[in-house]
Protein chains: 2
Amino acid sequence: MDIKRTIDDIDHKILQILQEKSRIPNAEVARQVGMAPSAVLERIRKLEDRQIIQGYEVRLNPHPFNQGLMAFVLVTVQSASRADLATLLTQVTGVQDVHQVAGEDGYLLKLRVADNAELGRVLADEICSLAGVLQTKTNIVLNTIKETRKLDLNRYSS
Amino acid sequence: MDIKRTIDDIDHKILQILQEKSRIPNAEVARQVGMAPSAVLERIRKLEDRQIIQGYEVRLNPHPFNQGLMAFVLVTVQSASRADLATLLTQVTGVQDVHQVAGEDGYLLKLRVADNAELGRVLADEICSLAGVLQTKTNIVLNTIKETRKLDLNRYSS
DNA sequence: TATGAAAGACTCTCTTA
DNA sequence: TAAGAGAGTCTTTCATA
């Protein structure tokens, strides 16, 4: 175990509640964990300070915003590429994720665009045109069965 | 434009605020958009009813929960596979995403596990062992440069 | 749809344990 | 760390426009 304090059962329960629905009054969380609201507030603040809670997001439907098509693009780059290539990739239209992956000097992007036409345009004009990009392999998503940020909290080890 | 009402500038602004930090008092949103809190509440409810807002999530640090290693696994399956294979894949340890992808009868999984040892175990025991799975190709994430759910809201077309 | 009023609920700080 | 008290704020419904 490390220097930071541990995550106890109450923290655990608080996080579980926030994983289900984060936009919920503090007092309601307090009720569910059976504690005073002030104590729960204090705990949530500490979880934020300790960066165990990293933020609160809204999950929006991408369709009304013309981003109904999702694709994963594996970008292979020259090993001597400029160090800021990753940063340039984060700025590509529709990019939600940029991960450096092991293996063939590459990055894996997750992006949301309107349709195949736009995907083609983005690949050609915004990705392949970057200096150092050797090739791309694209997986187009037909159907998303599961997509969540939830973690299994029962794997915490003190 | 479709049957549903449009997303106007005020909705737009509300969504933008919630994309930045969703756990924020309604009254604060109202202040930022310059409207009465009751009107903003009404709008947020309608956005939820219309499924434009699909939920509110907390973003947790995966490290304290022993899920610091992320990997993408492309699973190729027999074309005659049982229809519920996708559902079985959603239940694999550490799986956060399951997407059906075009091309080679496959699924793309995003998973978070403790380390390489666990990844190996999950691949062997929980994925390859499923009936209908032909092969897997794994991309291990070394470093995540960007990971967000935010959409570019300026692409809405009425 | 928006506002404003009003009752009740919630937040958040501070004190005490 | 937790509880409780209290001042101030927020939520939510309803009447009205």
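The values are calculated or read from the model by the stated rules, or taken from the named source; none is laboratory data. Keep in mind it's a predicted model, so treat the numbers as computed, not measured. Positions of Cβ are backbone-derived with ideal geometry, glycine not excepted, and every protein chain shown enters the neighbour counts. Please note that ligands, DNA and RNA were not included when accessible areas were found on the heavy atoms of the full protein model with its side chains. Shrake-Rupley method; radii C 1.70, N 1.55, O 1.52, S 1.80 Å.
The largest accessible area among B:M70, A:M35 belongs to the first residue in A:M35, B:M70, and the rest follow in falling order (1.4 Å probe, all chains).
The per residue volume of the convex hull around the alpha-carbon atoms of region A:63-140 is 75 Å³. Protection proxy ranking of B:100-111, A:36-47, by the mean of other Cβ atoms within 10 Å over each peptide's residues and highest first, is B:100-111, A:36-47. The solvent-accessible area of A:T6, taken with every protein chain present and a 1.4 Å probe, is close to 60 Å². For the protein assembly as shown, taking the reciprocal of the average inverse distance between every pair of different Cα atoms yields a Kirkwood hydrodynamic radius of 21.3 Å. Classify region B:27-94 as rounded, prolate or oblate from the Cα gyration tensor: take a ≥ b ≥ c as the square roots of its eigenvalues, call it rounded if a/c is under 1.5, otherwise prolate when a/b beats b/c and oblate if not. It comes out oblate by the Cα gyration axes. Which is farthest toward the positive dipole end of the protein assembly as shown among B:F72, A:A71, B:Y56, measuring Cα position about the Cα centre, with Cβ charges +1 (Lys, Arg) and -1 (Asp, Glu)? Farthest towards the positive end: B:Y56.
Database remark: amide H of A:V95 closer than 5 angstrom to the amide H of A:R112 (H placed geometrically; neighbours at sequence offset of 5 or more, or on other chains; Pro and chain starts carry no H). Can you give the accessible area per residue of the protein assembly as shown, in Å², using a 1.4 Å probe? Averaged over the residues of the protein assembly as shown, the accessible area is 48 Å². Counting Lys and Arg as +1 and Asp and Glu as -1 over every other residue whose Cβ lies under 10 Å from the Cβ of A:P37, the net charge comes to -1.
Rounded to the nearest 500, the 222 nm mean residue ellipticity of chain A from helices alone is -8000 deg cm²/dmol, with -39,500 (n - 2.57) taken per DSSP H run of at least 4 residues. Contact order for chain A, expressed relative to its length and based on alpha carbon pairs under 8 Å spaced 6+ residues apart, stands at 24 percent. Using only the Cα atoms of region A:3-57, build the gyration tensor, take square roots of its eigenvalues as a ≥ b ≥ c, and label the shape rounded, prolate or oblate: rounded if a/c is under 1.5, else prolate if a/b is larger than b/c, else oblate. Oblate, because a/c is 1.5 or more while a/b does not exceed b/c. Per-residue shielding of A:135-145, expressed as the average number of other chain Cβ atoms within 10 Å of the residue Cβ, stands at 5.
Amide H to amide H distances under 5 Å link A:R59 with B:Q54, B:G55, B:Y56, B:E57, where only residues 5 or more positions off or on other chains count and H is placed in the peptide plane.
Charge tally for B:N154 (other residues, Cβ to Cβ under 14 Å; Lys, Arg +1; Asp, Glu -1): 0. A simple charge model with +1 on the Cβ of Lys and Arg, -1 on the Cβ of Asp and Glu and nothing else charged puts the dipole of region B:3-57 at about 80 debye relative to its Cα centre. The contact residues of region A:99-131, meaning those that lose at least 50 Å² of 1.4 Å-probe accessible area when all protein chains sit together rather than their chain alone, are A:H99, A:Q100, A:A102. Carbon and sulfur: what percent of chain A's accessible surface (1.4 Å probe)? With neighbouring chains kept in place, the figure for chain A is 49 percent. Our summary gives region B:3-57 a relative contact order of 27 percent, counting only alpha carbon pairs under 8 angstrom and 6 or more residues apart. Based on the alpha-carbon gyration tensor of region A:1-123 and its eigenvalue square roots a ≥ b ≥ c, which shape applies: rounded if a/c is under 1.5, prolate if not and a/b is larger than b/c, or oblate? Oblate shape, in that a/c is at least 1.5 and b/c is the bigger or equal ratio. When +1 charges are put on Lys and Arg Cβ atoms and -1 charges on Asp and Glu Cβ atoms, the dipole computed for chain B relative to its Cα centre reaches about 440 debye.
Put a point 7 Å out from Cα along the line to Cβ at B:A124; what are the distances to that point in the other copies, in nm, shortest first? Going from nearest to farthest copy, the values are 4.7 nm.
Show me you know the interface measure: the accessible area buried between B and A, both chains summed, probe 1.4 Å, in Å² to the nearest 100. Protein heavy atoms only, the B-A interface buries about 6700 Å². Between amide H atoms placed 1.01 Å from N, distances below 5 Å from A:K146 occur with B:V98, all of them 5 or more places distant or on a separate chain. Per-residue 3J(HN,Hα) values for region A:86-101, derived from phi via the Karplus relation 6.51 cos²θ - 1.76 cosθ + 1.60 with θ = phi - 60°, read 4, 5, 5, 5, 5, 9, 5, 3, x, 6, 9, 10, 9, 10, 7, 10 Hz in sequence order (x marks Gly and Pro).
Distances between equivalent label points of A:N143 across the copies, with each point positioned 7 Å along Cα→Cβ, amount to 3.8 nm, shortest listed first. Sorted from shortest to longest, the distances between the B:A83 label points of this copy and the other copies are 5.4 nm, with each point 7 Å from Cα along the line through the beta carbon. Cross-link reach is defined here as a Cα-Cα straight distance under 26 Å, omitting same-chain residues fewer than 8 places apart; for A:K137 the lysines meeting it are A:K110, A:K146, B:K110, B:K137, B:K146, B:K150.
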